[in-house]
Amino acid sequence: MTSSDTTTAVQRRYKPKRNWLATISYILLGVYLVYVLSLFDVNTGRLADGMEHGANFLGRMFPPNFERYNLLIEGLLESMQIAIIATTAGVVLSLPVGFLAARNLMPAWVTWPARLLIVACRSFHPVIVAILFVKAVGFGALAGTLALVVASIGFIAKLFAEAIEEISLKQIEAIRATGAPFGSVIIFGVLPQVMGRFIGFTSYQLDSNLRNSTMVGIVGAGGIGGTLFAAFQRFDYDFVSAILISIIALIMAAEGINNIMRRLYR
Amino acid sequence: MSENTANASFMEKRTWSRFTPMERTARFLFYFVTVAAIVVSAQTIEIIPEFLMDAPEQIGDMFNRMWPPALSYYPDSIHEALLETIHIATLGTLIALILAVPVGVMVAENVTKNKFLNWFGRLILVSSRSINSLVWALLFVAILGPGPLAGAFAIAFRSVGFVGKLFGEALEESHKGPIEALEASGSPWFSTMMMGYWPQVLPTFWSVALFRWDINLRESAVLGLVGAGGIGVALNTALELFYWDRVAMVLISMLVVVGLVELLVTQIRKRII
């Protein structure tokens, strides 16, 4: 090693190569942020006003008012009913749809319509689906239930089809080799391989349905959401905070039950 | 020992069972509760049979009114509202990213070695996630007044929980090697963050951001129902006036945008991550 080598080594500093694509993307994002903020008319005066309103608002939310607890409990019960029935019906309907959409079991002319159905079920937010069902079946819990059934099919059937596509085909071949009819292949070859994951999907969907069933009421589809929206419109902010606290408590309790269930079926 | 086992098998015929009695009882209880919950809900839910009988007719009527979709409504009011929805979703996601980074750092137990801060960060994330974006929108409409800004804040506050949780988990899973090397060289905290952690979590961060942007576009479409701007406002107006052909047009344009965004997101994902 010569001395000139070491000096160059000392002088050399680590300079990371600039990633121009990333730099330009960051700059564009920054410009966009400024543009949208000006488009939405954001300025310090408005934000200060907002802070004041917010403080006022929080002040009126506290203390939460549980006086009309029977209205509250009624709404929560209806939300739970919607979630439970929608999950049950959704699971029952997802089983056949998921089978039809699995590409390793079914020919293409069957999977395509089934996949289209699943995509159609997933494409809209449950609240929008609920609006359509309110028109179709009138105000009330039925509309909310149907909307969440649609959402459940979109989710469970998709995951179920994917789970079926990942199964090992060896067991299917073995059962087919014994001359079993199609029904037996499904029951003894496919179902045992996917049932464990199916319970996981169901519990996840129950959780998600419970969250959404507290919301579909905003468009008149039953549950606590209607009560919440009405309280907001009448500026009963202390009742609003009571409803919000109960919704959060319900969701947390459901999560706890879910965790116990998952441990049970691990 | 062999004598022992021989003895045991002689004394009692041991049968293999998959679950302990405790587990079996728990499972039985669980099935029982599930079935009971379904039966009770089905019996007590308020469903008016006439409405149910009427449903096919009403659905037919709805589609009749929806067809043909009011194409002329698109340039009139949908286009602008659609752009506003995209802005709400994007601005909301950007604000969420900015807010989620410090919370994610706070939650990651290997970065922030303070139990109280960890717990506090987790509290923020959980409360963000357990309030629906529609409720956040109601709150922000009450605070900031109706308009897209309330929608963007609703989206942002709802997304912080999601992005922050995944970002924190990514931080916790990052490799120790580079960080220990940096610390051994005496680098200050900020440099360790930027040079040690950030490059490791960068791909996760942006893929989570893209994923959340996709979700937010769908969610911001409904915020207008409670007055928080975007396409939901156009939908709500059309619904209240019973212009079903306009409703159909709104739904179709929403579908197209969601589809396009999904294509875009998959493309970006393929290129970058």
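The values are calculated or read from the model by the stated rules, or taken from the named source; none is laboratory data. Keep in mind that what you see is a predicted model, and the values were worked out from it rather than measured. With ideal geometry, Cβ positions are generated from the backbone for all residues, glycine too; neighbour counts draw on all protein chains shown. Side chains are part of the model used for accessible areas, which takes the heavy atoms of the whole protein and leaves out ligands, DNA and RNA. Shrake-Rupley method; radii C 1.70, N 1.55, O 1.52, S 1.80 Å.
Would you point out the residue of region B:53-73, among those that are at the interface with another protein chain (Cβ under 9 Å from one of its Cβ atoms) and within 32 Å of the chain's Cα centre (by Cα), that is modelled with the lowest pLDDT?
B:A55
Please specify each residue of region A:175-221 satisfying the condition of being closer than 18 Å to A:G75 by Cα and among the basic types (K, R).
Of everything in region A:175-221, just one residue is closer than 18 Å to A:G75 by Cα and among the basic types (K, R), namely A:R211.
Mind listing just one residue for me: the one in region B:24-52 that is hydroxyl-bearing (S, T, Y) and in contact with a helix residue (DSSP H, G or I) (Cβ under 8 Å, 6 or more places away or on another chain) and, of those, nearest to the other protein chains (Cβ to nearest Cβ)?
Pass one, region B:24-52, residues hydroxyl-bearing (S, T, Y): B:25, B:31, B:34, B:41, B:44.
So of that shortlist, the ones also in contact with a helix residue (DSSP H, G or I) (Cβ under 8 Å, 6 or more places away or on another chain) come out as B:41, B:44.
Numbers: B:S41: 4, B:T44: 6 Å.
By that ranking, first place goes to B:S41.
Taking region A:92-137 only, how many residues are surrounded by 19 or more Cβ atoms within 10 Å (Cβ to Cβ), in a loop (DSSP other than H, G, I, E, B) and either within 14 Å of chain B (Cβ to nearest Cβ) or modelled with pLDDT of 90 or more (or both)?
2
Filter region A:41-67 down to residues that are modelled with pLDDT of 80 or more, part of a loop (DSSP other than H, G, I, E, B) and open to solvent by less than 80 Å² (accessible area, probe 1.4 Å), then give me how many there are.
2
Applying the selection to region A:147-177, what residues are acidic (D, E) and either in contact with a Ser or Thr (Cβ under 8 Å, 6 or more places away or on another chain) or not in a helix (DSSP H, G or I) (or both)? Steps first, answer last, please.
Of region A:147-177, the ones acidic (D, E) are A:162, A:165-166, A:173.
Of everything in region A:147-177, just one residue is acidic (D, E) and either in contact with a Ser or Thr (Cβ under 8 Å, 6 or more places away or on another chain) or not in a helix (DSSP H, G or I) (or both), namely A:E166.
To keep it simple, each residue is scored yes or no on (1) assigned to a loop (DSSP other than H, G, I, E, B); (2) surrounded by 20 or more Cβ atoms within 10 Å (Cβ to Cβ).
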position: A:G179; (1), (2): yes, no
position: A:G183; (1), (2): no, no
position: A:N212; (1), (2): no, yes
position: A:F235; (1), (2): yes, no
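Given (1) more than 13 Å from chain B (Cβ to nearest Cβ); (2) open to solvent by less than 60 Å² (accessible area, probe 1.4 Å); (3) without any contact (Cβ under 8 Å) to a residue 60 or more places away in the chain; (4) under 20 Å from the mean Cα position of the chain (by Cα), identify the lone condition not met by A:I175.
(4)
Go through region B:253-265 and count every residue that is free of Cβ contacts under 8 Å to residues at least 24 places away in the same chain and open to solvent by 70 Å² or more (accessible area, probe 1.4 Å).
5
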